[in-house]
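The values are calculated or read from the model by the stated rules, or taken from the named source; none is laboratory data. Quantities reported herein were computed from a predicted structural model and do not represent experimental measurements. Glycine also receives a Cβ, built like all others from the backbone with ideal geometry; neighbour counts cover every protein chain displayed. With ligands, DNA and RNA removed, areas are computed over all heavy atoms of the protein, side chains included. Shrake-Rupley method; radii C 1.70, N 1.55, O 1.52, S 1.80 Å.
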Amino acid sequence: MNMNLSRKINKQSFQKFLDSFKYAFYVITHPFDGFWDLVHEKRGSMAAANPLLILPVLTNLWSMRFTNFMFNDVRWERVNIWQQVLGLLAPLLIYCVANWCLTTLFDGKGRLKDIYMGMCYSLTPYILIMNPVTIISNFVTDEEGAFLAYFNVLAIAWAAIWILISVMQIHDYSLMKAILAIAFSAVGMMIIVFLIMLFFSLVSDAVAFFISIGKEILFRIY
């Protein structure tokens, strides 16, 4: 009895995950309704948002590794994978925190969770465009490959515009207010990065100070 109930709950949870994951395809074609329902009608979920954040990171690595060498000047053997992962994840996560801090002060209706989901679902166009582009790059000539750069710009621009729309819908902002919110969020990101660097610098100096004291004490004792 308990096993059947557990299976039923797991099946329902998995189906809910699939529905919220597939909802990303609705969001990219109906952004205004999509982002509104994502939060206010609970159509999205953190369980689906997390893979939608990881997939662009994997897409970026896939693109670096398998794009035709004629259009890719990256030397894969010199690539630090963890640095690439952190280089993409860190700005996105810091953006969420900065946007939440700012919009909390300016009547934003979205929670940190909502901002995170909106940002993750906005990255879907990048995933859908860049993976086929990486494959196609191995079957085109140098002249034809010039168009691949346009698709790269399209993927980034599409995701950026959808992030803007997500801010409008999640916080119930006008277009101008959403643009200002993102602009000031960028300033907030720089402040957060500065504070993080300052914190680790102070911790490093403190550790070095105590280590030097310890060495001095040991030197005097022995």
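Odds and ends about this structure:
- The set of residues from segment 43-80 being closer than 19 Å to Val167 by Cβ and of a type outside the set (A, V, I, L, M) comprises Arg43, Gly44, Pro56.
- For segment 185-207, a residue qualifies if it is over 23 Å from Leu93 (Cβ atoms) and either open to solvent by 60 Å² or more (accessible area, probe 1.4 Å) or among the acidic types (Asp, Glu) (or both), and the qualifying residues are Asp205, Val207.
- Here is the figure for segment 150-176: residues that are open to solvent by less than 80 Å² (accessible area, probe 1.4 Å) and under 17 Å from Ile115 (Cα atoms) total 14.
- Each residue in segment 114-139 was checked for being more than 20 Å from Phe25 (Cα to Cα) and open to solvent by 30 Å² or more (accessible area, probe 1.4 Å), and 4 of them qualify.
- Taken together, Phe151, Phe199 contain a single residue that is free of Cβ contacts under 8 Å to residues at least 12 places away in the same chain and not polar (S, T, N, Q), which is Phe199.
- Meets criteria (within 12 Å of the chain's Cα centre (by Cα) and part of a helix (DSSP H, G or I)) for Leu58: yes
- Residues satisfying the stated conditions in segment 37-57, i.e. in contact with an Asp or Glu (Cβ under 9 Å, 6 or more places away or on another chain) and open to solvent by 80 Å² or more (accessible area, probe 1.4 Å): Arg43
- Qualifying residue in segment 28-35 (condition: modelled with pLDDT under 90, polar (S, T, N, Q) and open to solvent by 70 Å² or more (accessible area, probe 1.4 Å)): no
- When residues of segment 6-18 are limited to those that are open to solvent by 100 Å² or more (accessible area, probe 1.4 Å) and over 24 Å from the mean Cα position of the chain (by Cα), the one modelled with the highest pLDDT: Gln12
- Flag if Phe69 is free of Cβ contacts under 8 Å to residues at least 12 places away in the same chain, hydrophobic (A, V, I, L, M, F, W, C) and either open to solvent by 20 Å² or more (accessible area, probe 1.4 Å) or in contact with a helix residue (DSSP H, G or I) (Cβ under 9 Å, 6 or more places away or on another chain) (or both): yes
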